[in-house]
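Undergrad: One structure is given below, represented as structure tokens, and several questions about it will come after.
The values are calculated or read from the model by the stated rules, or taken from the named source; none is laboratory data. What you are looking at is a predicted structure, and each value in this text was computed from that prediction instead of being measured. Every residue, glycine as well, gets a Cβ built from its backbone with ideal geometry; the counts of neighbours run over all protein chains shown.
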Amino acid sequence: MNTKIAIIGTGNLGKSIADGLLKSNSVNPEDLTLTRRNTSKLNDYKNRGINITNNNIDAVKQSNIIIVAVKPHKFENVVKEFTPILNQNHIVISTVTGVNIKDIKEIIDADISIFRAMPNTAISIQESMTCISSYKQNDDNISIVKNMFNKLGKSVIINDELMGSATILAASGIAFALRYIRASMQAGIEIGFESELAQLIAAQTVKGASSLVINSDFHPEREVDRVTTPLGVTITGLNKMEFNGFSSSVIQGVLSSYNKISNVKK
Ligand SMILES: NC(=O)c1ccc[n+]([C@@H]2O[C@H](COP(=O)([O-])OP(=O)(O)OC[C@H]3O[C@@H](n4cnc5c(N)ncnc54)[C@H](OP(=O)(O)O)[C@@H]3O)[C@@H](O)[C@H]2O)c1
């Protein structure tokens with residue numbers, strides 16, 4: 001049987017997931033169903049042959065993988081609505097922040113495969129970092145879910161207790177990295193580049209730095225050492241950034257977000 005996927009709650013993240021699934025040919029357009037109440041906002045997808053509906057139950061009936069991407073306060077009601085029609089062929093994946101796997105299991109209260117996945121919006125271009133947790137899963141279902149997210153970037157299985165941390169480091173992390181790019185651009189303009197060129201240079205440089213780490217597994221500081229000539233310009237700039245709190249600012253920002261997500265969950 002073809003994989004049939006429903007995305008329940010197709011907003012920012014849901015659309016990004018749909019885009020990634022389609023680009024990676026993980027699902028045929030006719031096997032993908034997207035839901036939201038205001039379906040007119042999904043007309044682009046409808047025109048491409050994707051099923052669009054505001055009926056979550058119909059979407060679940062037509063699919064075997066159910067990805068829930070509504071806001072946290074909607075999660076329980078939305079899931080309770082379709083729980084009665086779930087069967088053992090379904091795999092439910094929640095991307096919702098702050099609802100842990102045991103809470104989901106309590107809401108669904110049936111012998112159904114349940115996963116949480118924390119992707120980021122780069123999933124739309126198959127470059128997500130997706131952290132996955134599960135509730136007592138068999139290896140087959142773990143492979144199905146992991147294979148799906150591996151086609152959309154990289155994925156790792158983590159303990160559910162770390163999902164809050166994954167949300168900050170990977171999902172919020174996109175915004176943190178983009179702010180670095182913006183700051184770099186602004187500086188680039190001040191030292192002579194037009195905005196568009198500054199953006200390209202800043203963004204491609206971050207991509208290169210990232211690929212150096214991912215492709216080699218070396219610690220980032222090893223690559224820093226290769227760029228910092230004694231008495232050189234790079235170390236002067238780096239030390240000035242650190243003097244002004246660069247690393248500590250990033251760490252404090254991540255911790256503040258983490259503290260907030262931890263308090264929201266309580
Ligand atoms: N954005 C990210 O980078 C990111 C990353 C990881 C995880 N998450 C998590 O993913 C979830 C979605 O985030 P988001 O940024 O995509 O939010 P969003 O843009 O608000 O999307 C949620 C969508 O759910 C739809 N919706 C609301 N009630 C519904 C219902 N009863 N049935 C079907 N659809 C319904 C809304 O559309 P209508 O109003 O038209 O129904 C809306 O488009 C959140 O829980 C968030 O924590 C987000």
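Undergrad: crowded, with 20+ Cβ neighbours inside 10 Å and charged (D, E, K, R) - does that describe any residue in the range 39-46?
TA: Scanning the range 39-46 turns up no residue that is crowded, with 20+ Cβ neighbours inside 10 Å and charged (D, E, K, R).
Undergrad: Starting from the range 210-236, take each residue that is closer than 25 Å to residue 173 by Cα and list its partners that are of a type in the set (Asp, Glu), counting only C-beta distances under 9 angstrom and pairs at least six apart or across chains.
TA: Qualifying pairs under 9 Å: 212/223; 213/223; 216/223.
Undergrad: Show the residue pairs that are 6+ apart or on different chains and have beta-carbon atoms under 9 Å apart, the first residue being within the range 2-24 and more than 17 Å from residue 149 (Cβ to Cβ), the second being part of a strand (DSSP E or B) and near the ligand (Cβ under 6 Å from one of its atoms).
TA: Filtered contacts from the range 2-24: 8/35; 9/35; 10/35.
Undergrad: Checking the conditions here, which among 103, 111 is assigned to a loop (DSSP other than H, G, I, E, B) and under 22 Å from residue 6 (Cβ atoms)?
TA: From the options 103, 111, the qualifying one is 111.
Undergrad: May I pose another question? Of everything in the range 60-96, what is within 12 Å of the ligand (Cβ to nearest atom), part of a strand (DSSP E or B) and over 17 Å from residue 109 (Cβ atoms)? Give them in sequence order.
TA: The answer is 67, 93.
Undergrad: Any idea how many residues of the range 1-51 are over 24 Å from residue 118 (Cβ atoms), within 11 Å of the ligand (Cβ to nearest atom) and either part of a loop (DSSP other than H, G, I, E, B) or touching a strand residue (DSSP E or B) at 6+ places or on another chain (Cβ under 6 Å) (or both)?
TA: 3
Undergrad: Okay, next question. Where residues in the range 117-150 are assigned to a helix (DSSP H, G or I) and of a type in the set (Val, Ile, Thr), which of them is surrounded by the most Cβ atoms within 10 Å (Cβ to Cβ)?
TA: 123
Undergrad: While we're on this one: Pairs only if they're at least six apart or on different chains, beta carbon under 8 angstrom, first in the range 27-40 and at pLDDT 95 or above, second assigned to a helix (DSSP H, G or I) and near the ligand (Cβ under 7 Å from one of its atoms); list them, first residue then second.
TA: Matching pairs, first to second residue: 34/14; 35/56; 36/14.
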